[in-house]
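Below: one structure, written as structure tokens.
The values are calculated or read from the model by the stated rules, or taken from the named source; none is laboratory data. All values derive from a computational prediction rather than experimental measurement. Positions of Cβ are generated from backbone atoms using ideal geometry, with glycine treated the same way; all protein chains shown enter the neighbour counts.
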Amino acid sequence: MKDIKKIDVHAHASPWPEYAPKYLGTDEKKPSPKELFEEYYNKLNVEKCVLLPGVSPEGATAPITSEMIKYLVDRDPEHLLWFCCVDPRMLSNSADAKLSYLLEHYKSLGARGVGEVTCNLYADDPLMENLFACCAELDLPVTVHIAPERGGYYGIADDLGLPRIERMLKKYPKLKIFGHSQPFWSEIGENNDKIRNTYVPGKVKNGRLPELLREYENLYCDLSAGSGANALMRDREHAAAFIEEFSDRLMYGCDICLHGQTFPFIFDEFLTSMRESGEISEENYEKIVRGNACRLLSIE
């Protein structure tokens, strides 16, 4: 089989990890890009990654701004790409804030999209809708972390079945949403409020996510973290069928936030075994680990 260099569409890093606070309850800090490649990417055959800022207080031990990410990218443009991030409460904390002013600035500097959006507002809150509308107008895809509810979580809040995200997908057909997190991926199968923020086990059937993917061509799936990996690994037979049907909408990612995380290697072994066994085609494997990112983010 030919060597296919992967692109991680969901990466986090700090320009100055020596100054970063440790994650609460751990001795670990956010890695630098150099550490990402040394500890993970060189072993996973990842050629490039898309660095995501984190500007909302709900989702950050310490904020990583768009400027900090651009600083990193400029030091290794061969391997690093980036999204900018704008909190919808910025500028005027209103539904008519001129967020396009900020987004146009970052896009002019080379940002390929927006995210990771982690503010704990409802997905169809007027402030969130303003951000989505600006992203649609500027053709900037948005990586969102879905939360199960308002309060006590980070991520934009949606209800069971993702009806609020669906309203945005329907109202803004030019908006490309990259879905991510446990509540997002729990919708791959039968779901309820007790399990939707967990790594749901068992066979997959009757999910809302496949229905949304069939109805809205502007919805995409970020396979990063334990949530994306678990959604496929929990039911190998279903994973093969899911990949076959939605191969144009799935993107490989890691979401490595600190040292010592093992799930990227476990998930890589799973995808590799599916490729080697023929359960997923060579074409679809290439789309997931590289091709879709190149197409959607204009990567040469």
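Taking segment 157-178 only, how many residues are in a loop (DSSP other than H, G, I, E, B) and aromatic (Phe, Trp, Tyr)? Full working, then the answer.
Within segment 157-178, the subset in a loop (DSSP other than H, G, I, E, B) is 158-162, 172-176.
Keeping just the survivors that are aromatic (Phe, Trp, Tyr) gives 172.
Adding up the residues that qualify gives 1.
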Filter result for residue 237 (surrounded by fewer than 18 Cβ atoms within 10 Å (Cβ to Cβ), acidic (Asp, Glu) and more than 23 Å from residue 8 (Cβ to Cβ)): yes
For this session: Tell me, please, whether a residue that is surrounded by 15 or more Cβ atoms within 10 Å (Cβ to Cβ), in contact (Cβ under 8 Å) with a residue 40 or more places away in the chain and more than 22 Å from residue 50 (Cβ to Cβ) can be found in segment 248-265.
Result: no
Flagged pairs (Cβ under 7 angstrom, 6 or more apart or on separate chains; first in segment 212-235, within 18 Å of residue 196 (Cβ to Cβ) and in contact (Cβ under 8 Å) with a residue 12 or more places away in the chain; second surrounded by fewer than 18 Cβ atoms within 10 Å (Cβ to Cβ) and of a type in the set (D, E, K, R)) are 235/203
In the set 115, 110, the lone residue that is crowded, with 24+ Cβ neighbours inside 10 Å and closer than 25 Å to residue 293 by Cα is 115
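In segment 134-144, which residue that is under 20 Å from residue 221 (Cα atoms) and in a helix (DSSP H, G or I) is nearest to the chain's Cα centre (by Cα)?
The first filter runs over segment 134-144 and keeps only residues under 20 Å from residue 221 (Cα atoms), leaving 135-136, 139-144.
Retained after the next criterion (residues that are in a helix (DSSP H, G or I)): 135-136.
Numbers: 135: 16, 136: 17 Å.
Selected residue: 135.
Small (Gly, Ala, Ser), buried (at least 19 other Cβ atoms within 10 Å of the Cβ) and under 21 Å from residue 227 (Cα atoms): does that describe residue 136? Explain how you work it out, then say what you get.
Values: small (Gly, Ala, Ser): yes; buried (at least 19 other Cβ atoms within 10 Å of the Cβ): yes; under 21 Å from residue 227 (Cα atoms): no.
Spelling it out, it is not the case that residue 136 is small (Gly, Ala, Ser), buried (at least 19 other Cβ atoms within 10 Å of the Cβ) and under 21 Å from residue 227 (Cα atoms).
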By residue number, the members of segment 183-209 that are outside any loop (DSSP other than H, G, I, E, B) and over 27 Å from residue 133 (Cβ atoms) are 186, 188, 189, 206
Note to self: Any residue at all in segment 94-101 that's under 20 Å from residue 256 (Cβ atoms) and of a type in the set (Lys, Arg)?
What the structure shows: no
In segment 44-73, anything within 18 Å of the chain's Cα centre (by Cα), closer than 15 Å to residue 102 by Cα and surrounded by fewer than 18 Cβ atoms within 10 Å (Cβ to Cβ) is listed as 65
Every listed condition ((1) surrounded by fewer than 21 Cβ atoms within 10 Å (Cβ to Cβ); (2) at positive phi) holds for residue 162 save (1)
From the option list 57, 63, 53, single residue qualifying as more than 14 Å from residue 258 (Cα to Cα) and modelled with pLDDT of 95 or more is 53
With the first residue restricted to segment 81-110 and required to be within 17 Å of residue 52 (Cβ to Cβ), and the second required to be in a loop (DSSP other than H, G, I, E, B) and among the basic types (Lys, Arg), Cβ contacts under 8 Å at 6 or more apart or on different chains are 81/112; 82/112; 83/112
Any residue in segment 216-226 that is part of a helix (DSSP H, G or I) and either among the aromatic types (Phe, Trp, Tyr) or closer than 30 Å to residue 23 by Cβ (or both)? yes
